[in-house]
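Working notes, structure below.
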Number of protein chains: 2
Amino acid sequence: MSEYIAPCDCRRAFISGFDGSAGTAIITEQKAAMWTDGRYFLQAAQQIDSNWTLMKMGLKDTPTQEDWLVSVLPEGSKVGVDPFIIPADQWKRISKALKSAGHVLVPVKENLIDAIWMDRPQRPCKPLMTLDLSYTGIGWKEKIAALRAKMVERKVLWLVVTALDEVSWLFNLRGSDVEYNPVFFAYAVIGTDTIRLFISGDRMADPSTREHLLLDSSLEAEFKIQVVPYESVLTELQAICVGLSPKEKVWLSDKASYALTEAIPKAHRYLTPCTPICIAKAVKNAAETEGMRRAHIKDAVALCELFNWLEKEVPKGSVTEISAADKAEEFRSQQTDFVDLSFATISSTGPNGAIIHYKPVPETNRALSGNEIYLLDSGAQYKDGTTDVTRTMHFGTPSAYEKECFTYVLKGHIAVSAAIFPNGTKGHLLDSFARSALWDCGLDYLHGTGHGVGCFLNVHEGPCGISYKTFADEPLEAGMIVSDEPGYYEDESFGIRIENVVLVIPAKTKYNFSNRGSLTFEPLTLVPIQTKMISVPLLTQKECDWVNDYHRKCREVIGAELKSQGRHEALQWLIRETEPITKMH
Amino acid sequence: MSEYIAPCDCRRAFISGFDGSAGTAIITEQKAAMWTDGRYFLQAAQQIDSNWTLMKMGLKDTPTQEDWLVSVLPEGSKVGVDPFIIPADQWKRISKALKSAGHVLVPVKENLIDAIWMDRPQRPCKPLMTLDLSYTGIGWKEKIAALRAKMVERKVLWLVVTALDEVSWLFNLRGSDVEYNPVFFAYAVIGTDTIRLFISGDRMADPSTREHLLLDSSLEAEFKIQVVPYESVLTELQAICVGLSPKEKVWLSDKASYALTEAIPKAHRYLTPCTPICIAKAVKNAAETEGMRRAHIKDAVALCELFNWLEKEVPKGSVTEISAADKAEEFRSQQTDFVDLSFATISSTGPNGAIIHYKPVPETNRALSGNEIYLLDSGAQYKDGTTDVTRTMHFGTPSAYEKECFTYVLKGHIAVSAAIFPNGTKGHLLDSFARSALWDCGLDYLHGTGHGVGCFLNVHEGPCGISYKTFADEPLEAGMIVSDEPGYYEDESFGIRIENVVLVIPAKTKYNFSNRGSLTFEPLTLVPIQTKMISVPLLTQKECDWVNDYHRKCREVIGAELKSQGRHEALQWLIRETEPITKMH
């Protein structure tokens, strides 16, 4: 149920051939159907064969999974699903619909795909990385203690940690079991005086991990970590629940799997949309914030090098989307504490830019040129932080229309970045600020404006964000980190997106909301925004000032770093690209 | 369960003395407690005696009703509630909480307050008013036919109409059973070929009503209205449900009472947050829109007269909040087709203006003067439309701070009124536009920005609105009518609010959202905004232009009407108040 999964979990791709990041396959004795969303209609149609029916989600006439099941199943059917890979609320919804039509949803404990998947890869079990206080700011014992205080507050005896990034954050450990997210397969169950860590293999044999977790030290009983095999989480949880007195509660995310949710008898369940770890992880402490700053400085150095290189190489005609992405990775990997990319680089030129989640492959790979807009959305994992940045540029002369669209997107980016709002405001209330300039001209983009960003953790994390979709987002707080990434996409022509990662900080206002206090954003990303793409007359004086202030900061902070790294040519590029713009009167 | 209720339904006021518009009384054998919100903490504390515990909702330590019940009840208690005055979802929530603590929630069919309320007033049964096509645009037969088409679409056999304004709208009838809302006590149950209208007394004896509803005409069987006593709705609905085949559904709002919801067996219930009548009623047709325009022109005439009168009388020191409100009613009542006010006039000066739902009473009544801001939020019911307008003014010289705050509120008002947004946008996405200028300076207001407005119906209606609270609002559509009313309130000092009723209209944009189309607002309210209160340098040129365009339209449209009504002094006032403002460069 994670955003990025290991090869052993790519069961839908195995059975259907469709390997997009989102999709659900349902197979009956007679039929097979595949649900996916608008990003993947084309790809799925190409990858699945005629045995499959493609169900295009979001289209009016597409049935829901439960409606389709009811329409095709013979009376009194059983529908099976692996209870470990379906969230409890989705189970409940489908189960209810099936039941009211006379069918029944049953958990199938042995996954049926695994039963026929002969060469299924092993579940990864890569070595762990320990993070010391200079990166995490807070030791894992202190985190556990704070967590237990929250448990006491909510009157729960146990907390089950299921999200991989929450386990990683809690123990100050990182892994590489899946791509891009530096996490490892594990669960944790925290009691008032016990800690159980469910993890496979001999990962606890590594001396530095043992030392980090104090496995061989004599310490207070309540901080003694019991290491338990990964697979035994269900039986252990069941055993815990057997011992519960009435009114004793077990805390679990409402996004946890049906298997784990069901293991806790209803009367003992304490479900919330957001675990206390999720919120603690989202509000970065001083060490994490400083780490994120360092990571973004290094990342900006790499991108200055890249853009300088592109400016020289693109005119020669030899740079493609793939080679540009590779070059970006090469420059990033030269930076201290570089670990991995934080997601698959979106390197797209011309019409490919209009495909929001484009990833270049040899069949679509396009050469960069002086005639098309180039969009690069990329990021990396450094040991001190995670980055995610999008820049859109032109290596020739952009058309007036391209500049106009770019400028509206920039106005939206600035409107969010410079917004001041009272403490307690939820991110979704800021989404329209990013669209207002586009809306005025009849343009829009069909994605949210921002997502939470982890600190050397998942590049997409909850519980906050900036989106017109009003999911249960938590109010923004100082220390939270989100992306600000409005865009505009002209089908079959070009894509524009301007993305910074921004830190929520206290704002100074004239009247300070009757001491309620206020917030604003500070960009962590410090990479020039191509001024050639800006139609300056469309900016207000305030927006001009924002651009110039931002570029001055890029020049100061990144310039100093480029200098100290001896990257003189990239420094010259940075200085050129951060020349102030002027609004004529 | 309506916003405005009849004296016979003021049971909480009878038992406790507290007569605010929102509150819930719970009485056990030993205790009595009263829940109410921040608007009424003071009033409730004054009105209830020491037998009662005041439960201040919204404060951190205030228990919910169910938590309190669980904490005070002896084991295995029964909690009774009149099932006709509690929504089904609230019943479900309380019932669940009680059950898990070993208690039970039971419906008490004979209301226990009524049993001891000796001089309880009769349920009102006022004469009905029929509306012809020139007001409604669509006859009731046509409305029923359209409704049945929606029922076929959703595969339901029956629709139960419970909201009073929905019954009124459906049959093109109006009443005066409660204050301010021109509705009457009734239910309707629409079948595929039957119409049942549940209504009390001999109201169907009136010849014009009989003719309007074609009660004595020979007409198609499916449009024959069966008139049934109001009290028999429950037994009739139960009888209908007994006759249902499996899979046959009855459509009901999920806001309906527990009594009616429970009358429909679960398998036959089709609950939605919004009935098809609710949406049809919200999207005004051409006749309704024209009626609303006429009503707002007449209303503006009355307010021009009032403000002209106030300007002359206030300096004499003889005008109070109450006499100003009375004078407003007097001027309104001079207009054609005036029926009633649409809500209790909020007439407040100085510190009273900071009380958002203030209604002047003799104990608080304050004289208007040249030293304080005056806020008037008022509206009327005309046979052709409903109005709701707020203006804030100063009869002397406003302070720089007062002007500053007023100007931020005005900027917010304009930002919403002039907003352009794609088809399908929900109102809550526009709320932050109204706050942005205030937020920049650390100011905010703690209410939503707008509500739906009925056409000669409830001044507050669903299913659309503009609020940071993301209730289940329906997307805005051309023809919907909402209010735009940001404000700012300085406790114990002053209140500012600028409110227009605005019509959702198609917008013209340069690129038209790839033919998705776009919307904006057109003000129906045409009453000058006091330019004396504006700090012009704080406005952008665009905002200045908006104010001048708006005032030009006020002068043209209302000026013509004042002239034709021979109200020359008010016309001179209007011309003075609509002088263009100029931004110095």
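Computed values, structure above
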item: Test: residue in region A:475-495 that is touching a Cys at 6+ places or on another chain (Cβ under 6 Å), in a strand (DSSP E or B) and not hydrophobic (A, V, I, L, M, F, W, C); result: yes
item: Qualifying residues in region B:467-514 (those that are under 20 Å from B:Ala344 (Cβ atoms) and among the charged types (D, E, K, R)) - the one farthest from the other protein chains (Cβ to nearest Cβ); result: B:Glu499
item: Selection status of A:Val416, surrounded by 22 or more Cβ atoms within 10 Å (Cβ to Cβ), touching a residue at least 12 places away in the same chain (Cβ under 8 Å), outside any helix (DSSP H, G or I) and more than 10 Å from chain B (Cβ to nearest Cβ); result: no
item: Residue among B:Ala267, B:Ala287, B:Ala280 that alone is part of a helix (DSSP H, G or I) and more than 30 Å from B:Val527 (Cβ to Cβ); result: B:Ala267
item: Residues satisfying the stated conditions in region B:145-159, i.e. in contact with a Leu (Cβ under 9 Å, 6 or more places away or on another chain) and either part of a loop (DSSP other than H, G, I, E, B) or among the hydroxyl-bearing types (Ser, Thr, Tyr) (or both); result: B:Leu157
item: Enumeration of residues in region A:33-71 that are outside any loop (DSSP other than H, G, I, E, B), crowded, with 16+ Cβ neighbours inside 10 Å and among the aliphatic types (A, V, I, L, M); result: A:Ala33, A:Met34, A:Ala44, A:Leu54, A:Met55, A:Leu69, A:Val70
item: Residue identified as at the interface with chain A (Cβ under 9 Å from one of its Cβ atoms) and buried (at least 24 other Cβ atoms within 10 Å of the Cβ) among B:Phe406, B:Phe456, B:Phe421; result: B:Phe421
item: Residue satisfying condition, being over 18 Å from A:Val227 (Cβ atoms) and surrounded by 20 or more Cβ atoms within 10 Å (Cβ to Cβ), within set A:Ala145, A:Ala163; result: A:Ala163
item: Those residues of region B:552-580 which are touching a Cys at 6+ places or on another chain (Cβ under 6 Å) and not in a helix (DSSP H, G or I), in sequence order; result: B:Thr578
item: Positions within region A:105-128 being out of contact with any Ser or Thr (no Cβ under 8 Å at 6 or more places or on another chain) and aliphatic (A, V, I, L, M), in sequence order; result: A:Val106, A:Val108, A:Leu112, A:Ile113, A:Ala115, A:Ile116, A:Met118
item: Failed item, numbered, when A:Asp549 is tested on (1) outside any loop (DSSP other than H, G, I, E, B); (2) surrounded by fewer than 24 Cβ atoms within 10 Å (Cβ to Cβ); (3) touching a residue at least 12 places away in the same chain (Cβ under 8 Å); result: (3)
item: Among (1) among the hydrophobic types (A, V, I, L, M, F, W, C); (2) in a strand (DSSP E or B); (3) at the interface with chain A (Cβ under 10 Å from one of its Cβ atoms) - the single one B:Cys464 does not satisfy; result: (3)
item: Total residues in region B:424-440, condition free of Cβ contacts under 8 Å to residues at least 40 places away in the same chain, of a type in the set (D, E, K, R) and crowded, with 22+ Cβ neighbours inside 10 Å; result: 1
item: Failed item, numbered, when A:Tyr401 is tested on (1) touching a Gly at 6+ places or on another chain (Cβ under 9 Å); (2) among the aromatic types (Phe, Trp, Tyr); (3) free of Cβ contacts under 8 Å to residues at least 40 places away in the same chain; result: (1)
item: Residue within region B:183-203 that is farther than 14 Å from B:Val228 by Cα, surrounded by fewer than 22 Cβ atoms within 10 Å (Cβ to Cβ), in contact (Cβ under 8 Å) with a residue 60 or more places away in the chain and of a type outside the set (Val, Ile, Thr) present; result: no
item: Scope region A:98-142; condition surrounded by 15 or more Cβ atoms within 10 Å (Cβ to Cβ), hydrophobic (A, V, I, L, M, F, W, C) and within 22 Å of A:Ile190 (Cα to Cα); matching residues; result: A:Leu128, A:Met129, A:Leu131, A:Ile138, A:Trp140
item: Selection within region B:326-357 - out of contact with any strand residue (DSSP E or B) (no Cβ under 6 Å at 6 or more places or on another chain) and either at pLDDT below 95 or part of a loop (DSSP other than H, G, I, E, B) (or both); result: B:Gln334, B:Gln335, B:Thr336, B:Phe343, B:Ala344, B:Ile355, B:Ile356, B:His357
item: Residue check for A:Asp377: among the acidic types (Asp, Glu), at pLDDT 95 or above and under 21 Å from A:Lys284 (Cβ atoms); result: no
item: Selected residue (criterion: farthest from A:Ser77 (Cα to Cα)) from residues of region A:93-108 that are out of contact with any Pro (no Cβ under 6 Å at 6 or more places or on another chain) and either in contact (Cβ under 8 Å) with a residue 60 or more places away in the chain or in a strand (DSSP E or B) (or both); result: A:Val106
item: Residue within region A:559-573 that is surrounded by 15 or more Cβ atoms within 10 Å (Cβ to Cβ), among the aromatic types (Phe, Trp, Tyr), within 14 Å of another protein chain (Cβ to nearest Cβ) and touching a helix residue (DSSP H, G or I) at 6+ places or on another chain (Cβ under 6 Å) present; result: no
item: A:Val536 more than 14 Å from every other protein chain (Cβ to nearest Cβ) and free of Cβ contacts under 8 Å to residues at least 40 places away in the same chain; result: no
item: Filter result for B:Asp444 (within 14 Å of chain A (Cβ to nearest Cβ), under 29 Å from B:Ala295 (Cβ atoms) and either in contact with a Leu (Cβ under 8 Å, 6 or more places away or on another chain) or in a loop (DSSP other than H, G, I, E, B) (or both)); result: no
item: Subset tally (residues that are part of a loop (DSSP other than H, G, I, E, B) and surrounded by 15 or more Cβ atoms within 10 Å (Cβ to Cβ)) for region A:358-401; result: 15
item: Number of the exception - B:Ala434 against (1) facing chain A (nearest Cβ under 10 Å); (2) in a helix (DSSP H, G or I); (3) within 29 Å of B:Val301 (Cα to Cα); (4) of a type in the set (A, V, I, L, M, F, W, C); result: (1)
item: Hits in region A:310-336 - residues which are under 23 Å from the mean Cα position of the chain (by Cα), among the acidic types (Asp, Glu) and crowded, with 16+ Cβ neighbours inside 10 Å; result: A:Glu321, A:Glu329
item: Complete set of residues in region A:1-32 that are touching a Phe, Trp or Tyr at 6+ places or on another chain (Cβ under 6 Å), more than 20 Å from A:Trp91 (Cα to Cα) and not in a helix (DSSP H, G or I); result: A:Tyr4, A:Gly20
item: Selection from region A:109-134 of residues that are within 20 Å of A:Glu262 (Cβ to Cβ) and either part of a loop (DSSP other than H, G, I, E, B) or within 14 Å of another protein chain (Cβ to nearest Cβ) (or both); result: A:Lys109, A:Glu110, A:Asn111
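The values are calculated or read from the model by the stated rules, or taken from the named source; none is laboratory data. In this text the structure is predicted, and so the values were computed from the model without any measurement. Heads up, the Cβs are rebuilt from the backbone with ideal geometry, glycines too, and the neighbour counts pull from every protein chain shown.
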